[in-house]
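Chemist: Sending over a structure as structure tokens; questions will come in a sec.
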Amino acid sequence: MSNLFVNLLEERDIKPTAIRILVLKAMLEFDRAFSLSDLESQLDTVDKSTISRAIHLFHEHQLIHSFDDGSGSVKYSVCSRDCHCSIEDMHAHFYCNYCKKAFCLDNISIPGFQLSPVMQIESVNLVIKGYCGQCNKLINS
């Protein structure tokens, strides 16, 4: 199993250290997008600055992507192996107004845009908000 983590790191030119493997493993355990705070809670014995550095490195090497779901904290998700975080790889995200969880919608691509020739897209953020269908919205609302 740890070979999977080593391979994922090496594929993105990230040196696989013990702490980076631990952080990546924790990231992959989430069934949804996660915040820095979520990751810190998951890895409560790891120094917060170490986790923050790993997130920055993983993001820089396109192992994870980030998005703003409007909740006040940036969310992260591990990229698929064939993702290069280009405009063509961008997808929509869903934020549940009730359980406050965010999810990648890999099957919904960001539409193309016709901009002025002098403009250049660097990122697009498409967040769909509503009820996820998995939580008990009556208790949480």
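Chemist: Condition first: more than 21 Å from GLY72 (Cα to Cα), of a type in the set (Val, Ile, Thr) and surrounded by 14 or more Cβ atoms within 10 Å (Cβ to Cβ). Now tell me which residues in segment 109-131 satisfy that.
Modeler: ILE110
Chemist: Now a separate question. Write out, first by first residue and then by second, each pair whose Cβ atoms fall under 9 Å of each other, whose residues are 6+ apart or on separate chains, and whose first residue, in segment 115-133, is free of Cβ contacts under 8 Å to residues at least 24 places away in the same chain and over 16 Å from ALA33 (Cα atoms) while the second is part of a loop (DSSP other than H, G, I, E, B) and not aromatic (Phe, Trp, Tyr).
Modeler: These pairs meet every condition: LEU115/ILE121.
Chemist: Give the residues of segment 105-138 that are aromatic (Phe, Trp, Tyr) and within 18 Å of ASP31 (Cβ to Cβ), sorted by residue number.
Modeler: TYR131
Chemist: Now a separate question. Can you find a residue that is within 30 Å of GLU10 (Cα to Cα) and either buried (at least 16 other Cβ atoms within 10 Å of the Cβ) or out of contact with any helix residue (DSSP H, G or I) (no Cβ under 8 Å at 6 or more places or on another chain) (or both) anywhere in segment 132-140? It would help to see each step written out before you state the result.
Modeler: The first filter runs over segment 132-140 and keeps only residues within 30 Å of GLU10 (Cα to Cα), leaving none.
No, every residue in segment 132-140 fails to be within 30 Å of GLU10 (Cα to Cα) and either buried (at least 16 other Cβ atoms within 10 Å of the Cβ) or out of contact with any helix residue (DSSP H, G or I) (no Cβ under 8 Å at 6 or more places or on another chain) (or both).
Chemist: Return the residues of segment 82-106 that are under 22 Å from GLN62 (Cβ atoms), exposed (fewer than 15 other Cβ atoms within 10 Å of the Cβ) and modelled with pLDDT of 90 or more; say none if nothing qualifies.
Modeler: The answer is LEU105, and nothing else.
Chemist: Looking at segment 40-72, which of its residues are within 16 Å of CYS104 (Cβ to Cβ) and either under 12 Å from the mean Cα position of the chain (by Cα) or of a type in the set (A, V, I, L, M, F, W, C) (or both)?
Modeler: PHE58, HIS59, GLN62, LEU63, ILE64, HIS65, SER66, PHE67, ASP68, ASP69, listed by residue number.
The values are calculated or read from the model by the stated rules, or taken from the named source; none is laboratory data. As the structure is a prediction and not an experimental result, all values here were calculated from the model. Glycine gets a Cβ as well: all are built from the backbone with ideal geometry, and neighbour counts include every protein chain shown.
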